[in-house]
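A short write-up of the structure that comes next.
The values are calculated or read from the model by the stated rules, or taken from the named source; none is laboratory data. Computed from a prediction, not measured in an experiment: that's the story for all the values here. We place every Cβ from the backbone using ideal geometry, glycine too, and count neighbours over all the protein chains shown. Only protein heavy atoms, including side chains, enter the accessible area calculation; ligands, DNA and RNA are left aside. Shrake-Rupley method; radii C 1.70, N 1.55, O 1.52, S 1.80 Å.
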Amino acid sequence: MNMQIRKISAFSQRLLDFLDIVEYRRADAEEDREAIYRLRYDAYKRDNNISTGFTATSGDFYDESANCHVFGLYVGGSLVSSIRVNICSAENRISPTNSIFPDILEPMIQKGLVFVDPSRFVVDREATKHDPEIVYATLRLVTMAAVYFKVDYCLATVRPEHNAFYKKYFLLQPISEPRLYPSLAKPVNMLAARLAGVRDWVVANYPVFDSHYIEQRMLFHAGHWPTLPARNTSFPEALLKDPHIGSNSPNFAGIQ
(Lines give C-alpha, C1' and ligand atoms only; values in the text may rest on other atoms or scores of the structure.)
Protein backbone atom coordinates (compact mmCIF):
# COMPACT_ATOMS: atom_id res chain seq x y z
CA MET A 1 0.00 0.00 0.00
CA ASN A 2 1.37 3.38 -0.98
CA MET A 3 0.77 6.07 1.61
CA GLN A 4 2.66 8.95 3.11
CA ILE A 5 3.85 8.05 6.60
CA ARG A 6 3.67 10.92 9.07
CA LYS A 7 3.45 11.44 12.78
CA ILE A 8 0.39 9.78 14.25
CA SER A 9 -2.26 12.01 15.78
CA ALA A 10 -3.13 12.02 19.47
CA PHE A 11 -6.60 10.76 18.56
CA SER A 12 -5.29 7.76 16.62
CA GLN A 13 -2.69 6.98 19.26
CA ARG A 14 -5.36 6.99 21.95
CA LEU A 15 -7.42 4.48 19.98
CA LEU A 16 -4.41 2.25 19.35
CA ASP A 17 -3.40 2.33 23.01
CA PHE A 18 -6.92 1.34 24.01
CA LEU A 19 -6.58 -1.91 22.06
CA ASP A 20 -4.02 -3.04 24.62
CA ILE A 21 -6.74 -3.49 27.25
CA VAL A 22 -9.46 -4.89 24.99
CA GLU A 23 -10.50 -8.50 24.44
CA TYR A 24 -12.66 -9.63 21.54
CA ARG A 25 -14.73 -12.72 22.29
CA ARG A 26 -16.85 -14.54 19.76
CA ALA A 27 -20.08 -15.43 21.51
CA ASP A 28 -20.24 -19.15 20.88
CA ALA A 29 -20.92 -20.04 24.52
CA GLU A 30 -24.49 -19.76 25.77
CA GLU A 31 -23.52 -17.69 28.80
CA ASP A 32 -21.81 -15.16 26.53
CA ARG A 33 -24.90 -14.94 24.35
CA GLU A 34 -27.15 -14.42 27.36
CA ALA A 35 -25.07 -11.48 28.56
CA ILE A 36 -25.08 -9.95 25.09
CA TYR A 37 -28.85 -10.33 24.72
CA ARG A 38 -29.30 -8.50 28.02
CA LEU A 39 -26.94 -5.72 26.91
CA ARG A 40 -28.87 -5.38 23.65
CA TYR A 41 -32.20 -5.18 25.40
CA ASP A 42 -30.99 -2.60 27.89
CA ALA A 43 -29.55 -0.43 25.10
CA TYR A 44 -32.66 -0.49 22.94
CA LYS A 45 -34.97 0.02 25.89
CA ARG A 46 -32.88 2.96 27.09
CA ASP A 47 -33.26 4.49 23.66
CA ASN A 48 -37.03 3.85 23.51
CA ASN A 49 -36.47 1.80 20.38
CA ILE A 50 -38.42 -1.40 21.06
CA SER A 51 -41.79 -2.19 19.52
CA THR A 52 -42.67 -5.89 19.80
CA GLY A 53 -40.88 -9.22 19.88
CA PHE A 54 -37.64 -7.96 21.43
CA THR A 55 -36.63 -9.73 24.64
CA ALA A 56 -33.71 -9.67 27.06
CA THR A 57 -33.32 -13.46 27.06
CA SER A 58 -32.97 -14.48 23.42
CA GLY A 59 -31.62 -13.41 20.08
CA ASP A 60 -33.34 -13.64 16.73
CA PHE A 61 -33.26 -15.54 13.48
CA TYR A 62 -30.14 -13.77 12.25
CA ASP A 63 -28.09 -14.71 15.32
CA GLU A 64 -28.49 -18.39 14.45
CA SER A 65 -27.59 -18.16 10.78
CA ALA A 66 -24.46 -19.95 9.57
CA ASN A 67 -23.13 -16.70 8.11
CA CYS A 68 -23.40 -14.84 11.43
CA HIS A 69 -20.67 -13.91 13.91
CA VAL A 70 -21.67 -12.38 17.25
CA PHE A 71 -18.97 -10.70 19.32
CA GLY A 72 -18.59 -9.19 22.74
CA LEU A 73 -15.98 -6.60 23.59
CA TYR A 74 -14.50 -6.90 27.09
CA VAL A 75 -12.49 -4.48 29.20
CA GLY A 76 -11.12 -5.78 32.49
CA GLY A 77 -13.18 -8.94 32.02
CA SER A 78 -16.47 -7.01 31.76
CA LEU A 79 -18.70 -6.95 28.70
CA VAL A 80 -18.86 -3.35 27.45
CA SER A 81 -20.21 -3.67 23.90
CA SER A 82 -21.35 -6.11 21.26
CA ILE A 83 -21.82 -6.29 17.52
CA ARG A 84 -23.21 -8.86 15.11
CA VAL A 85 -21.75 -9.42 11.65
CA ASN A 86 -23.51 -11.29 8.84
CA ILE A 87 -21.70 -12.00 5.58
CA CYS A 88 -24.38 -11.76 2.92
CA SER A 89 -23.82 -13.44 -0.45
CA ALA A 90 -25.47 -15.71 -2.99
CA GLU A 91 -24.38 -18.68 -0.85
CA ASN A 92 -26.19 -17.30 2.20
CA ARG A 93 -28.52 -14.32 1.79
CA ILE A 94 -29.55 -14.16 5.44
CA SER A 95 -28.90 -10.69 6.84
CA PRO A 96 -30.95 -8.05 8.63
CA THR A 97 -30.32 -5.45 5.94
CA ASN A 98 -31.37 -7.75 3.14
CA SER A 99 -34.65 -8.37 4.93
CA ILE A 100 -35.37 -4.63 5.06
CA PHE A 101 -33.99 -3.60 1.67
CA PRO A 102 -34.29 -6.67 -0.59
CA ASP A 103 -35.24 -4.54 -3.58
CA ILE A 104 -31.80 -2.89 -3.39
CA LEU A 105 -29.57 -5.76 -2.29
CA GLU A 106 -31.04 -8.78 -4.08
CA PRO A 107 -30.16 -7.59 -7.60
CA MET A 108 -26.60 -6.97 -6.41
CA ILE A 109 -26.38 -10.37 -4.71
CA GLN A 110 -27.58 -12.02 -7.90
CA LYS A 111 -24.61 -10.43 -9.65
CA GLY A 112 -22.31 -12.23 -7.21
CA LEU A 113 -21.49 -9.33 -4.91
CA VAL A 114 -20.71 -10.00 -1.23
CA PHE A 115 -21.60 -7.72 1.69
CA VAL A 116 -20.56 -7.33 5.31
CA ASP A 117 -23.71 -6.46 7.25
CA PRO A 118 -23.13 -5.31 10.86
CA SER A 119 -26.10 -5.01 13.19
CA ARG A 120 -27.09 -5.04 16.87
CA PHE A 121 -24.25 -2.66 17.68
CA VAL A 122 -24.78 -1.80 21.35
CA VAL A 123 -22.64 -0.38 24.11
CA ASP A 124 -22.72 -0.12 27.87
CA ARG A 125 -23.39 3.59 28.36
CA GLU A 126 -21.60 3.83 31.71
CA ALA A 127 -18.51 2.14 30.28
CA THR A 128 -18.36 4.53 27.32
CA LYS A 129 -18.47 7.51 29.65
CA HIS A 130 -15.08 6.38 30.92
CA ASP A 131 -13.83 4.81 27.69
CA PRO A 132 -15.42 6.40 24.59
CA GLU A 133 -12.85 4.47 22.55
CA ILE A 134 -15.12 1.42 22.95
CA VAL A 135 -17.19 2.57 19.97
CA TYR A 136 -14.22 2.51 17.59
CA ALA A 137 -12.72 -0.69 18.96
CA THR A 138 -16.05 -2.45 18.41
CA LEU A 139 -16.45 -1.22 14.84
CA ARG A 140 -12.94 -2.52 14.15
CA LEU A 141 -14.50 -6.00 14.11
CA VAL A 142 -16.51 -4.98 11.05
CA THR A 143 -13.46 -3.76 9.17
CA MET A 144 -11.67 -7.02 10.00
CA ALA A 145 -14.59 -9.07 8.71
CA ALA A 146 -14.78 -7.03 5.51
CA VAL A 147 -11.14 -7.71 4.70
CA TYR A 148 -11.09 -11.34 5.84
CA PHE A 149 -14.15 -12.33 3.80
CA LYS A 150 -13.09 -10.18 0.83
CA VAL A 151 -16.44 -8.47 0.59
CA ASP A 152 -17.37 -6.10 -2.21
CA TYR A 153 -19.46 -3.72 -0.12
CA CYS A 154 -19.59 -2.56 3.49
CA LEU A 155 -23.07 -1.78 4.81
CA ALA A 156 -24.42 0.15 7.76
CA THR A 157 -28.13 0.13 8.53
CA VAL A 158 -28.58 2.95 11.00
CA ARG A 159 -30.91 5.67 12.10
CA PRO A 160 -30.50 8.74 9.86
CA GLU A 161 -29.08 10.82 12.70
CA HIS A 162 -26.06 8.49 12.73
CA ASN A 163 -25.29 8.89 9.02
CA ALA A 164 -22.73 11.65 9.60
CA PHE A 165 -20.59 9.40 11.82
CA TYR A 166 -20.36 6.65 9.20
CA LYS A 167 -19.65 9.14 6.44
CA LYS A 168 -16.86 10.72 8.49
CA TYR A 169 -15.00 7.58 9.49
CA PHE A 170 -15.85 5.08 6.73
CA LEU A 171 -16.98 7.19 3.74
CA LEU A 172 -20.30 5.34 3.69
CA GLN A 173 -23.10 7.00 1.73
CA PRO A 174 -26.88 6.58 2.17
CA ILE A 175 -28.52 4.58 -0.63
CA SER A 176 -32.05 4.18 0.71
CA GLU A 177 -34.89 5.97 2.37
CA PRO A 178 -35.61 5.17 6.04
CA ARG A 179 -37.69 2.06 6.71
CA LEU A 180 -38.94 0.31 9.82
CA TYR A 181 -37.30 -2.87 11.06
CA PRO A 182 -39.38 -5.54 12.84
CA SER A 183 -39.23 -5.25 16.66
CA LEU A 184 -37.83 -1.71 16.54
CA ALA A 185 -39.69 1.55 16.88
CA LYS A 186 -37.41 3.89 14.94
CA PRO A 187 -36.73 3.73 11.19
CA VAL A 188 -33.30 3.04 9.72
CA ASN A 189 -31.67 3.76 6.39
CA MET A 190 -28.93 1.90 4.58
CA LEU A 191 -25.45 3.24 3.87
CA ALA A 192 -22.88 1.51 1.70
CA ALA A 193 -19.43 1.81 0.17
CA ARG A 194 -17.22 -0.40 -1.97
CA LEU A 195 -14.46 -1.84 0.20
CA ALA A 196 -11.85 -1.33 -2.52
CA GLY A 197 -12.78 2.32 -2.75
CA VAL A 198 -12.49 3.19 0.94
CA ARG A 199 -10.13 0.73 2.63
CA ASP A 200 -6.85 2.56 2.01
CA TRP A 201 -8.32 5.90 3.04
CA VAL A 202 -9.83 4.51 6.25
CA VAL A 203 -6.62 2.78 7.33
CA ALA A 204 -4.44 5.77 6.45
CA ASN A 205 -6.59 8.17 8.45
CA TYR A 206 -7.64 5.83 11.26
CA PRO A 207 -4.98 3.11 11.64
CA VAL A 208 -6.93 1.49 14.48
CA PHE A 209 -9.09 -0.12 11.77
CA ASP A 210 -6.16 -1.98 10.27
CA SER A 211 -5.53 -5.62 11.27
CA HIS A 212 -3.40 -8.66 10.49
CA TYR A 213 -4.66 -11.72 8.68
CA ILE A 214 -3.84 -13.99 11.61
CA GLU A 215 -6.02 -11.88 13.92
CA GLN A 216 -8.85 -11.96 11.40
CA ARG A 217 -8.60 -15.73 11.01
CA MET A 218 -8.53 -16.39 14.74
CA LEU A 219 -11.75 -14.42 15.17
CA PHE A 220 -13.75 -15.47 12.12
CA HIS A 221 -12.55 -18.97 11.30
CA ALA A 222 -14.41 -21.67 13.21
CA GLY A 223 -12.19 -23.83 15.37
CA HIS A 224 -9.78 -21.08 16.40
CA TRP A 225 -9.62 -19.44 19.79
CA PRO A 226 -12.84 -17.47 20.44
CA THR A 227 -11.11 -14.95 22.74
CA LEU A 228 -8.38 -12.66 21.48
CA PRO A 229 -6.65 -9.55 22.78
CA ALA A 230 -7.00 -6.67 20.34
CA ARG A 231 -3.80 -6.23 18.34
CA ASN A 232 -1.89 -3.20 17.16
CA THR A 233 -2.15 -2.37 13.49
CA SER A 234 0.40 -2.90 10.77
CA PHE A 235 0.43 0.79 9.80
CA PRO A 236 1.77 2.49 12.94
CA GLU A 237 1.75 6.09 11.71
CA ALA A 238 -0.79 8.27 9.94
CA LEU A 239 -1.81 11.88 9.91
CA LEU A 240 -5.18 13.02 11.19
CA LYS A 241 -6.47 16.25 12.63
CA ASP A 242 -7.02 15.69 16.33
CA PRO A 243 -10.80 15.75 16.99
CA HIS A 244 -12.18 15.47 20.50
CA ILE A 245 -12.90 11.78 20.89
CA GLY A 246 -15.88 12.19 23.18
CA SER A 247 -17.77 14.50 20.85
CA ASN A 248 -17.31 12.07 17.95
CA SER A 249 -18.84 9.10 19.73
CA PRO A 250 -22.60 8.87 19.12
CA ASN A 251 -25.02 7.27 21.54
CA PHE A 252 -25.46 4.00 19.66
CA ALA A 253 -28.58 1.91 20.01
CA GLY A 254 -30.75 0.25 17.42
CA ILE A 255 -29.46 -1.44 14.32
CA GLN A 256 -26.00 -0.11 13.59
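List of remarks:
- Computed with a 1.4 Å probe over protein heavy atoms only, the accessible area of residue 168 comes to about 90 Å².
- Here the label points at residue 212 and residue 64, each 7 Å from Cα along the C-beta direction, are separated by 3.8 nm in the simple model.
- Most to least accessible of 93, 25, 194, 84 (protein chains only, probe 1.4 Å): 194, 93, 25, 84
- Two-site FRET efficiency, residue 113 against residue 161, from Cβ-Cβ distance with R₀ of 35 Å, rounded to 0.05: 0.80
- Overall, region 74-131 carries a charge dipole of about 20 debye about its Cα centre when +1 sits on the Cβ of Lys and Arg and -1 on the Cβ of Asp and Glu, all other atoms neutral.
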